[in-house]
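The values are calculated or read from the model by the stated rules, or taken from the named source; none is laboratory data. Every value quoted in this text rests on a predicted model; they were computed, and no experiment measured them. So basically every Cβ, Gly included, is an ideal-geometry build from the backbone, and we count neighbours across all protein chains shown. When the accessible area is computed, the model is the full protein with side chains, heavy atoms only, and any ligands, DNA or RNA have been set aside. Shrake-Rupley method; radii C 1.70, N 1.55, O 1.52, S 1.80 Å.
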Amino acid sequence: MIHHLKQGRSGEMKATDAGKVRETVSSILEDVEARGDAAVRDFSNKFDNWSPESFRLSNDEIAACVRALSPGQRADIEFAQAQVRNFAQVQRESLQDVEVETLPGVVLGHKNMPVASVACYVPGGKFPLIASAHMGVVTAKVAGVPRILAASPPVQGKPHPAVVAAMHLGGADEIYTFGGVQAIAAMALGTETIDPVAMVVGPGNAFVAEAKRQLFGRIGIDLIAGPSETLVIADDSVDAELCATDLLGQAEHGFNTPAILLTNSRKLAEETMQEIERLLKVLPTAGTAGVSWRDYGEVIVCDTIDEMVQEADRIASEHVQVMTRDPDYFLRNMRNYGALFLGARTNVAYGDKVIGTNHTLPTGKAARYTGGLWVGKFIKTCTYQRVLTDEASALVGAYCSRLCAMEGMIAHGEQANVRVRRYGHRDVPYGGAAQ
């Protein structure tokens, strides 16, 4: 049986929140599309108190940000980017072009090609997420994207040096200091000074995620990466300190971060809740993490391991930290997750910052149908076909003609018939291949 010792906000309350976000985002998108740069500047002033002469940073401004880093800071960024680049390169090499002769004289294939342009968004609200620059820019670079934009909001009234440096070192071609819906709109729709891109990627708050959702179709997106989520799956092989630390480690992202403990030990569940209350008294970011835990935190106790798998797949969390005697059991049996962190030696922060896997992951139960950002998201797999012989064209054409006739698509059928007459039988009448 599954017991909920603590529950978060109701589905009805969450739906009300989402409705307000949709209306706000729709209004901003319409204004940016209508007024371009002027609207972007107005919203930047309103939300970030930021109105520079140009939102795009010059080469000198970028160089100044890079110089502002200490040698150690630069080395740390370069180490993290090397891990992301190395894994992305392995993933890229797994994507192979193919060509196969499926019938005598019929050749089918596909090519893997990068999209022409991408905007990589780097959040900067409560925290300048330096690592998001690695995840977007470096991965797009490995994919071979020819034009890479990167954007992040100002922090304390200026570009954040480490974020800008990470964008530059990762390989961004254009770097902008602006944020929020107006930044997504400017890069996706274009303005007088910004050429639009084919695709926008990167995490963000609920407003950024909704902007991407509303723009999808006009542009490509990676996924709807909204407020961070974490699920800790634990048994009594670990203690409350590890569980509480890993829950609050993600809860500090914002005021609406779901942090859920799923366990088969009621004792561990109760001790973890007590440990969370203790940590919130000393954690510098408790003002944020405490609100998320109060409003979105959950504690679920199951009787069996199979119930834990069932609940974990129902939750479909962005991050899933597994600290059990047999974490590989969850690797073998779980189906819905953004990323798994297996065993107590690893944790979500490793994935967020440095270990090499991508931290832009599905939220809001999107893990039921998609994985996270990876090099393949920047790749278009496009098919082609080639018919080499008259006999092959006539053979396929005869089947095509009859199938078109079943559907009543006469003009489609004649595309086949003309080739059957030309390359095969000469007595095929208009409207169908000979039987």
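Listed values, structure above:
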read-out	value
In region 177-242, the GluC sites (Glu not before Pro) that fall in loop regions by DSSP, at most 16 other Cβ within 10 Å	Glu192
C-alpha center-to-center spacing [region 114-184, region 291-327] in angstrom	32
Evaluated over region 303-435, the Cα radius of gyration and Dmax, each in Å	26.5, 74
Packing-based order for 292-300, 116-124, 44-52, using average beta carbon neighbours within 10 Å, highest first	116-124, 292-300, 44-52
For region 242-305, alpha-carbon Rg over 2.2 N^0.38 Å	1.06
Among the listed pairs Lys126/Lys380; Lys6/Lys365; Lys281/Lys353, those beyond 31 Å (Cα-Cα)	Lys126/Lys380
For the chain, convex hull of alpha carbons as volume per residue, Å³	196
Area projected by the alpha carbon convex hull of region 336-412, averaged over all directions, nm²	10.2
Which of Asn417, Ala185, Ser237, positive extreme of dipole for the chain (C-beta unit charges)	Asn417
Exposure of Glu407 as accessible area (Å², to 10), given a probe of 1.4 Å and all protein chains	130
Prolate/oblate/rounded call for region 331-371, Cα gyration tensor, a/c under 1.5 rounded	oblate
Fraction of the pair-distance distribution of region 81-159 above 15 Å, Cα-Cα pairs, percent	66
Full-stretch length increase - Phe47, Phe79 - with 0.36 nm per residue and alpha-carbon distance subtracted	8.1 nm
Range of Cα positions in region 254-354 per principal axis (Å), largest first	37, 33, 24
Debye log10 I(q)/I(0) at q = 0.13, 0.18, 0.28 Å⁻¹ for region 273-327, Cα point scatterers	-0.46, -0.80, -1.14
The chain, accessible surface, carbon-and-sulfur percent (1.4 angstrom probe)	53
Surface accessible to a 1.4 Å probe, per residue, for the residues of the chain, Å²	48
List Met406, Met1, Met199, Met273, ordered by accessible area with a 1.4 Å probe, largest first	Met406, Met1, Met273, Met199
Sequence-separation-based contact order of the chain, relative, with Cα cut under 8 Å and 6+ spacing, percent	18
Cleavage-rule hits, GluC sites (Glu not before Pro), region 8-90, DSSP coil, Cβ neighbours within 10 Å at most 10	Glu53
Whole-Å distance, taken between Cα centres, linking region 75-102 and region 349-404	17
Between 0 and 90°, nearest 10: helix 206-215 axis offset from the chain longest Cα axis	10
Expected 222 nm ellipticity per residue - DSSP helices of 4 or more, -39500 (n - 2.57), all of the chain, to 500	-14500 deg cm²/dmol
Gain in span if fully extended, Thr381 to Asp173, counting 0.36 nm per residue against the direct Cα distance	72.5 nm
All-pairs alpha carbon distance profile, region 169-235, 5 Å steps from 0, percent	3, 16, 25, 22, 15, 8, 4, 3, 2, 1, 0, 0
Prolate/oblate/rounded call for region 12-142, Cα gyration tensor, a/c under 1.5 rounded	oblate
